[in-house]
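K.L.:
Take a look at the following structure, please.
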Amino acid sequence: MLLQLALDTPHADTVRRLLDRTAGDVDIIELGTPLLIRYGVDIIAGIRRDHPDKKILADLKIADAGAVEAALAFDAGADIVTVLGTAHPATIREAGEQAKRSGGRVMADLITVREVDEAVSLARRLDRSGLDYICLHTAFDARRQGGTGGQGGPDGPDDPARTLESIGRVGAVVERAGLAVAGGLDPALIEQLIPHGPDIVVVGGYITGNPDPDRAVQAVQAVRQIMETVHRTDG
Ligand code: 5RP
Ligand code: MG
């Protein structure tokens with residue numbers, strides 16, 4: 001199981017300072033959507049130079065022009081690029097074909113899917129299409145507003161805990177792709193998710209939300225500790 005650190009703050013200096021202190025404890029550095037919108041994919045190259053041994057994911061959430069946009073991220077040094085799971089199948093195919101040409105990987109993000117049944121059937125189709133990763137994801141805004149629908153259904157609260165209800169069913173149909181989980185994760189939630197066997201846990205705000213870098217280091221270590229403890233208990 002890998003830890004992906006999501007860097008969503010749109011301030012390059014803050015991101016670099018955070019990475020100086022935490023990169024050693026994370027497996028995948030995610031350059032978040034707000035950061036990429038502000039600086040463009042050019043920011044990837046500098047992070048690549050500073051952290052040559054880390055996987056870098058560009059969270060572009062591609063919705064169209066799959067090959068062109070994926071190539072921008074791969075050419076700048078990303079290893080993995082995200083595409084919306086609900087994008088047109090042609091877009092997802094184009095991104096996947098570009099990944100093969102560039103030696104990269106594609107993660108399909110289910111962030112726009114609100115119904116568990118839809119998430120299950122889409123995940124099954126994406127998995128069969130040979131996609132590298134599928135990410136079960138509760139959106140920031142849905143969480144902030146609450147009660148407006150989400151992966152738990154249109155009437156359910158948009159609580160990250162609803163992810164627990166989805167991961168069992170989605171995980172059961174994902175056979176070839178790696179399964180990632182994202183959206184408001186903290187050690188308590190990760191502890192409950194781990195028995196469902198995610199390959200990647202994506203953590204952003206829990207680690208980056210505190211301006212004190214010492215607290216960010218402590219938060220990464222807390223996540224690592226829970227990942228290792230639950231693994232050991234699993235035997
Ligand atoms: C939001 C994202 C975030 O990177 C992802 O949700 C992880 O951040 P957090 O742990 O703060 O939810 O892509 O669209
Ligand atoms: Mg993200």
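K.L.:
Using the Cα centre of the chain as the reference point, and only Cβ charges (+1 on K/R, -1 on D/E), how large is the resulting charge dipole? Debye, rounded to the nearest 20. Spell out each step's value before the answer.
P.N.:
On the way: 25 positive and 35 negative charges, 67 e Å.
Dipole about the Cα centre, nearest 20: 320 debye.
K.L.:
Just to verify a number: what accessible area does D53 come out at with the full protein assembly present, 1.4 Å probe, Å² rounded to tens?
P.N.:
About 150 Å², rounded to the nearest 10.
K.L.:
Please calculate how many Å² of accessible area the chain carries per residue, with a 1.4 Å probe and no DNA, RNA or ligand atoms counted. Mind showing how you got there, number by number?
P.N.:
Working: 10800 Å² over 235 residues.
Result: 46 Å² per residue.
K.L.:
Can you give the extra length, in nm with one decimal, that the chain gains between V217 and D199 once fully stretched, where that is 0.36 nm per residue apart less the Cα-Cα distance? Show your work: numbers first, answer last.
P.N.:
Working: separation 18, 0.36 × 18 = 6.48 nm, distance 2.23 nm.
Fully extending the segment from V217 to D199 adds 4.2 nm.
K.L.:
Also, quick follow-up: Just name one of G103, L164, T33: the one whose Cα is farthest towards the positive end of the charge dipole of the chain (beta-carbon charges, Lys/Arg +1, Asp/Glu -1).
P.N.:
It is G103.
K.L.:
Now for a separate question. Summarise the accessible area of the chain (1.4 Å probe, protein heavy atoms) by the percent that is carbon and sulfur.
P.N.:
47 percent
K.L.:
Give the dimensionless ratio obtained when the Cα radius of gyration of the chain is divided by 2.2 N^0.38 Å. Could the numbers behind the result be given before it?
P.N.:
Details: Rg = 16.6 Å, N = 235, 2.2 N^0.38 = 17.5 Å.
Ratio of Cα Rg to 2.2 N^0.38 Å: 0.95.
K.L.:
Scan around D109 for amide H atoms under 5 Å from its own, H built in the peptide plane at 1.01 Å from N, and keep only partners 5 or more places away or cross-chain.
P.N.:
V83, L84, G85, C135
K.L.:
What are the ³J(HN,Hα) couplings of the stretch 136-144, residue after residue, when phi is run through the Karplus curve with 6.51, -1.76, 1.60 and θ = phi - 60°? Round to Hz, x for glycine and proline.
P.N.:
Calculated HN-Hα couplings, in order: 7, 9, 9, 5, 3, 5, 5, 5, 5 Hz.
The values are calculated or read from the model by the stated rules, or taken from the named source; none is laboratory data. Because the structure is a prediction, the values reported are computed rather than measured. Heads up, the Cβs are rebuilt from the backbone with ideal geometry, glycines too, and the neighbour counts pull from every protein chain shown. Accessible surface areas use protein heavy atoms only, side chains included; no ligands, DNA or RNA. Shrake-Rupley method; radii C 1.70, N 1.55, O 1.52, S 1.80 Å.
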